[in-house]
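Student: Quick one: this structure, given as structure tokens, is what I'll be asking you about.
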Amino acid sequence: MPSRQALPTVTSVPPVSVHMTASVVEEVARGPSRTRYRKALYTSSVIFKRVGDGKPYPDHGLGSKEWASVPPRQVRLDELVTTKDTLQLAALLDEDSTFFGDLFAHVVLWRGELYLEDGLHRALRAALQQRSVLHARVIRMED
């Protein structure tokens, strides 16, 4: 009978770059494999329009109550520019990750671009479920 080799135990999950396709995120989420993770190349379909690092727009000063008064609408994932370039995989896989927060993502429309301010994990979960739209609260900011 062939001997069974124990799989390595993963104790912590490092942040994952959102510069990857949904299939690579699924592969990373499944756990360790025999091949090392390698940077994914874009295919013909991408999750987001662009991956940003930080908020390029001025502070809007909205709190939870003000965001809650904005009605949600559908936004296409491939029209969004993220304001974060990393995510915590544990938060992506956590079923209760939206328990204490807003059910809808927060998006800022500024200079013709839709910036995903809050809801990156929610947006990636939608992409993993093969959805191309996300329900979000969208505010418009002027210069």
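Student: Going by the structure shown, is Arg140 in contact with a strand residue (DSSP E or B) (Cβ under 7 Å, 6 or more places away or on another chain), surrounded by fewer than 14 Cβ atoms within 10 Å (Cβ to Cβ) and modelled with pLDDT of 90 or more?
Tutor: It is true that Arg140 is in contact with a strand residue (DSSP E or B) (Cβ under 7 Å, 6 or more places away or on another chain), surrounded by fewer than 14 Cβ atoms within 10 Å (Cβ to Cβ) and modelled with pLDDT of 90 or more.
Student: Ok, one more. Go through the stretch 115-143 and count every residue that is assigned to a strand (DSSP E or B) and touching a residue at least 60 places away in the same chain (Cβ under 8 Å).
Tutor: Residues flagged as assigned to a strand (DSSP E or B) and touching a residue at least 60 places away in the same chain (Cβ under 8 Å) within the stretch 115-143 amount to 10.
Student: Here is a further query. Could you check, for the stretch 53-65, whether at least one of its residues is under 14 Å from the mean Cα position of the chain (by Cα), surrounded by fewer than 17 Cβ atoms within 10 Å (Cβ to Cβ) and more than 19 Å from Arg140 (Cα to Cα)?
Tutor: Yes.
Student: Of the residues in the stretch 46-89, how many are part of a loop (DSSP other than H, G, I, E, B) and more than 21 Å from Leu103 (Cβ to Cβ)?
Tutor: Residues in the stretch 46-89 being part of a loop (DSSP other than H, G, I, E, B) and more than 21 Å from Leu103 (Cβ to Cβ): 12 in total.
The values are calculated or read from the model by the stated rules, or taken from the named source; none is laboratory data. None of the values given here were measured: they were computed from a predicted structure. Heads up, the Cβs are rebuilt from the backbone with ideal geometry, glycines too, and the neighbour counts pull from every protein chain shown.
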